[in-house]
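Worksheet for the structure shown next.
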Amino acid sequence: MAVSLVNRFEQDNIIVEQIDNLLNWARAGSPWYFQFGLACCAIEMMAAAAPRYDLERFGAMPRSSPRQADVMIVAGTVTLKMATRVKRLYEQMANPKYVISMGSCANSGGPYWQYGYHVLKGVDLVVPVDVYVPGCPPRPEALMQGLLELQKKIKEDTPLRRVS
Amino acid sequence: MELAAIQTRVGAVHPDALVPTDEGAAYLSMTPEHWADVAQLLRSDEELRFNVLMCLTGYDRGPGEPLGVAYNLHSMDKLHKLEVRIEVPRDGGKIPSVAQIWRTAEWHEREAYDLFGITFVGHPDLRRILLPEDWEGYPLRKDYKEPDYYRGIPVPKDKRGWE
């Protein structure tokens, strides 16, 4: 974590730091994600979370409740029926919250872009997306890069000066 | 039993139920009126004993043509198979439900109702099964037009900038 220390004392374990940086350091280091999958991308997400790829080394840990989650990984095809649910779940998450759109379907409708009468043409039509991960489905490495990009974005945030 | 023998057996009990099919057709075509009785016969007759409904498929032959349902039956006792097809008009087509005869049919009939708009008379719980309950239209019909919006969400792909 690139925390630019303002000052550090040799004794007593005291550091002086901007509160923004400190908050960002803590938040970027623990992007707990909301554990739900919608289609085959979810399999890759599970693989990314499993020991071989181990998303948890970036602090990303699956949570079963939207109340405890910071990041929503939309992994898979979002049908219109599910879109209303995804929107509701997003609204149930506590701020600050982020969305990773994983795979072609969540990004743009994927192979259903033309004849998918039932498919949402991109999850960004219902929730704001922070990081798009391309692929069909993306490999776990791609999801990991998406998570790292999100961490970069979180570190550039100014949570105490946000106008919302 | 072969198809011809099954046809003879059904025709002996319900002569009005059978609809002539094209030569070489590998299925029996039936009228919806007698279907409930015929289905009971297929299930319980000693020679037929079709105790498994493997699949129930709705189909649409195109605008102006009737809608249909295909039943794929199998007998675990006699080890023979049968396909039954029933066709009904596009508007207000009604087929007797066989959910009480083969439990498999309960959800399959809901699916055919959901996607083709075929009504199954006597079904215990005929609701949409896949699509949301407030969906309009029957998407697998060939004259289906996708909606512009669903609950305020635009449905067709926005192709501005790349077409």
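The values are calculated or read from the model by the stated rules, or taken from the named source; none is laboratory data. Everything quoted here is computed from the prediction, not taken from an experiment. Glycine gets a Cβ as well: all are built from the backbone with ideal geometry, and neighbour counts include every protein chain shown. In case anyone asks, the SASA skips ligands and DNA or RNA and just uses the protein heavy atoms, side chains included. Shrake-Rupley method; radii C 1.70, N 1.55, O 1.52, S 1.80 Å.
Structural remarks
- Taken over segment B:84-124, residues that are farther than 12 Å from B:Tyr71 by Cα, of a type in the set (Phe, Trp, Tyr) and crowded, with 18+ Cβ neighbours inside 10 Å amount to 3.
- Filtered by the rule that a residue be on the phi > 0 side of the Ramachandran plot and of a type in the set (Gly, Ala, Ser), segment B:26-67 gives B:Gly62, B:Gly64.
- In segment B:78-92, the residues that are in contact (Cβ under 8 Å) with a residue 40 or more places away in the chain and outside any strand (DSSP E or B): B:Lys78, B:His80, B:Arg90
- Segment B:95-115, residues that are of a type in the set (A, V, I, L, M) and either part of a helix (DSSP H, G or I) or within 14 Å of another protein chain (Cβ to nearest Cβ) (or both): B:Ala105, B:Ala112, B:Leu115
- One residue stands out in segment B:116-163 among those that are aliphatic (A, V, I, L, M) and under 25 Å from A:Lys87 (Cβ atoms): the one that is farthest from the other protein chains (Cβ to nearest Cβ), namely B:Ile129.
- Residue ID - nearest to A:Val119 (Cα to Cα), chosen from residues in segment B:116-140 that are in contact with a Phe, Trp or Tyr (Cβ under 6 Å, 6 or more places away or on another chain) and touching a residue at least 40 places away in the same chain (Cβ under 8 Å): B:Leu140
- Flag if B:Trp135 is within 16 Å of A:Thr79 (Cβ to Cβ) and surrounded by 16 or more Cβ atoms within 10 Å (Cβ to Cβ): yes
Results for (1) under 22 Å from A:Lys155 (Cβ atoms); (2) of a type in the set (A, V, I, L, M, F, W, C); (3) within 11 Å of another protein chain (Cβ to nearest Cβ), shown as yes or no for each residue.
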| site | (1), (2), (3) |
| --- | --- |
| A:Ala50 | no, yes, no |
| A:Ser64 | no, no, no |
| A:Arg67 | no, no, no |
| A:Ile73 | yes, yes, no |
| A:Met93 | yes, yes, no |
| A:Val126 | no, yes, yes |
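- Of all residues in segment A:8-35, those that are closer than 23 Å to A:Met93 by Cβ and of a type in the set (Asp, Glu) have Cβ atoms under 8 Å from Cβ atoms of residues that are open to solvent by less than 90 Å² (accessible area, probe 1.4 Å) and not in a strand (DSSP E or B), 6 or more apart or on another chain, in A:Asp20/A:Asp157; A:Asp20/A:Thr158; A:Asp20/A:Pro159.
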